[in-house]
1. Per 0.36 nm of contour for each residue apart, how much would the distance between HIS68 and TYR20 grow if the chain were fully extended, relative to their Cα-Cα spacing?
2. Give me the number: length gained by fully extending ILE60 to ALA44, i.e. 0.36 nm times residue separation minus the C-alpha to C-alpha distance, one decimal in nm.
3. If packing is taken as the mean number of other Cβ atoms within 10 Å per residue, what is the order of 10-16, 28-34, highest first?
4. What are the ³J(HN,Hα) couplings of the range 40-55, residue after residue, when phi is run through the Karplus curve with 6.51, -1.76, 1.60 and θ = phi - 60°? Round to Hz, x for glycine and proline.
5. Which FRET efficiency, nearest 0.05, do TYR53 and ARG82 yield, Cβ-Cβ r, R0 41 Å?
6. Using only the Cα atoms of the range 23-84, each taken as one equal point scatterer with no solvent, compute I(q) by the Debye sum, divide by I(0), and report log10 of the ratio at q = 0.13, 0.15, 0.26 Å⁻¹.
7. Using θ = phi - 60° and the Karplus curve 6.51 cos²θ - 1.76 cosθ + 1.60, what whole-Hz ³J(HN,Hα) does each residue of the range 59-69 get, with Gly and Pro shown as x?
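Computed from the coordinates by the stated procedures, all read-outs in this text should not be read as laboratory data. Since this is a predicted model, take the numbers as computed values, not measurements. Here Cβ is always computed from backbone atoms with ideal geometry, including for glycine, and neighbour counts include all displayed protein chains.
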Amino acid sequence: MAGPQKPTDQLTGPRKLGPYADRDLDCQESLEAKFLALVDQAEAVGWVRTEIYDALIELIKNHAIGDHTLAADIDAVHRAIRDRR
């Protein structure tokens with residue numbers, strides 16, 4: 001039997017700072033209620049779940065690429081500044 005679910009407006013943070021076993025699972029558990037609520041909302045306005053999942057996967061990929069690109073750009077700027085000294 002499953003325990004009580006968190007309200008969808010509440011996220012929990014990691015159990016401790018830094019890496020630890022199952023940190024990724026803790027993050028998934030924290031996000032799951034909001035994720036399911038988002039899927040339900042999209043479905044309620046006419047999207048089907050496969051479209052919603054595909055869209056979310058693409059959004060995640062695009063944001064991950066953007067984050068990696070931004071990090072690479074910041075590193076390049078830091079290297080350029082360091083090399084000018």
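1. 15.0 nm
2. Working: separation 16, 0.36 × 16 = 5.76 nm, distance 2.17 nm.
My answer for the length gained is 3.6 nm.
3. 28-34, 10-16
4. 4, 5, 5, 5, 5, 9, x, 7, 9, 4, 5, 5, 5, 4, 4, 5
5. 0.45
6. -0.56, -0.65, -1.06
7. Running phi through 6.51 cos²θ - 1.76 cosθ + 1.60 with θ = phi - 60° gives 4, 4, 4, 4, 5, 5, 4, x, 5, 5, 5 Hz.
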